[in-house]
Amino acid sequence: MYRGEAVICTFCMYHLPKTNYHMDADNPVIRHFWGKINIVAASSYYFFHKGQKVQKLVHRLKYKGQKEIGLKVGELYGRELSESPLFCSADVIVPVPLHKSRLRTRGYNQSDFFAKGLSAAMNVPAENNLLVRNKKTETQTRKNRFSRFENVNEVFSLVTKTNIEGKHILLVDDVITTGSTLTACAEVLLRHKDTKVSIASIAYAYH
């Protein structure tokens with residue numbers, strides 16, 4: 001990196017494969033959830049290709065303790081989401097939670113830091129204790145689409161004292177593959193009166 005650069009170099013910042021889906025109400029990410037869950041909008045910052053730079057970036061955030069990557073990407077994307085009519089009305093940002101045993105092992109939830117970065121840029125509060133993961137699930141990495149859905153069905157619940165009625169919630173995660181985890185979380189949130197949910201992630205692993 002050159003002097004003054006931090007976390008992500010300027011070259012990568014401009015050359016990583018952005019989707020620009022946040023300005024398109026009918027994009028491949030939102031279509032990914034059609035027929036599964038009724039959400040307002042969905043988008044991802046980058047395209048995810050195996051072996052490419054975005055995968056390495058997410059891997060460092062998720063497994064190498066480089067939490068600052070989540071904050072930086074969140075800040076960058078948050079500036080763009082603030083200018084999108086689809087996302088600018090969000091009232092609260094909620095990261096997909098980890099089970100407490102996995103949180104102990106890893107030491108942090110990578111989606112928390114993405115949410116914090118988004119929060120700082122969008123001036124919208126992030127609530128990392130609103131949703132809880134009730135049981136530990138097997139890793140999703142090598143599961144097929146149906147197995148991923150079965151793996152997260154009825155896994156999440158809402159903290160009972162939290163009032164989300166009438167709120168537009170921006171639900172966030174690191175990577176969207178099948179969308180099963182995000183769908184399970186959104187279902188819990190949408191059980192509450194007049195609640196709306198949108199989805200954003202760092203990357204989209206399209207098929």
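Taking the alpha-carbon set of the stretch 12-86, what are its Rg and Dmax in Å?
Gyration radius and largest Cα-Cα distance of the stretch 12-86: 13.5, 36 Å.
Among DSSP beta bridges whose residues both lie in the chain, state the antiparallel percentage, nearest 5. Intermediate values should be presented prior to the final figure.
Values: 5 of 23 bridges.
Bridges in the chain that DSSP calls antiparallel: roughly 20 percent.
If you line up the Cα atoms of the chain on their principal axes, what length do they span on each, largest first, in Å?
49, 36, 32
With runs of 4+ DSSP H residues as the only contributors, calculate the mean residue ellipticity of the chain at 222 nm using -39,500 (n - 2.57) per run, divided by the residue total and rounded to the nearest 500. Before the final figure, lay out the partial values.
Numbers: 8 runs with 75 residues, N = 207.
Computed ellipticity for the chain at 222 nm equals -10500 deg cm²/dmol.
Using a 1.4 Å probe on the protein heavy atoms, what percent of the accessible area of the chain belongs to carbon and sulfur? Mind dumping the intermediate values first?
On the way: 5190 of 10760 Å².
Summing carbon and sulfur atoms, their accessible area is 48 percent of the total for the chain.
Can you run phi through the Karplus equation (6.51, -1.76, 1.60; θ = phi - 60°) for the stretch 79-92 and list ³J(HN,Hα) in whole Hz, with x for Gly and Pro?
4, 6, 5, 4, 9, 9, x, 6, 10, 5, 8, 4, 9, 8
As a quick test, which of the pairs 67/100; 72/135; 36/196 have an alpha carbon distance above 25 angstrom in this structure? Write out the running numbers ahead of the final one.
Working: 67/100 18 Å; 72/135 30 Å; 36/196 15 Å.
Pairs exceeding 25 Å: 72/135.
Could you tell me how far the Cα centroid of the stretch 155-195 sits from the Cα centroid of the stretch 44-114, in Å?
Taking the Cα centre of each part, the stretch 44-114 and the stretch 155-195 sit 16 Å apart.
The values are calculated or read from the model by the stated rules, or taken from the named source; none is laboratory data. Note that the structure is predicted; figures quoted are calculated from it, not measured. SASA here: full protein model, heavy atoms, side chains in, ligands and nucleic acids out. Shrake-Rupley method; radii C 1.70, N 1.55, O 1.52, S 1.80 Å.
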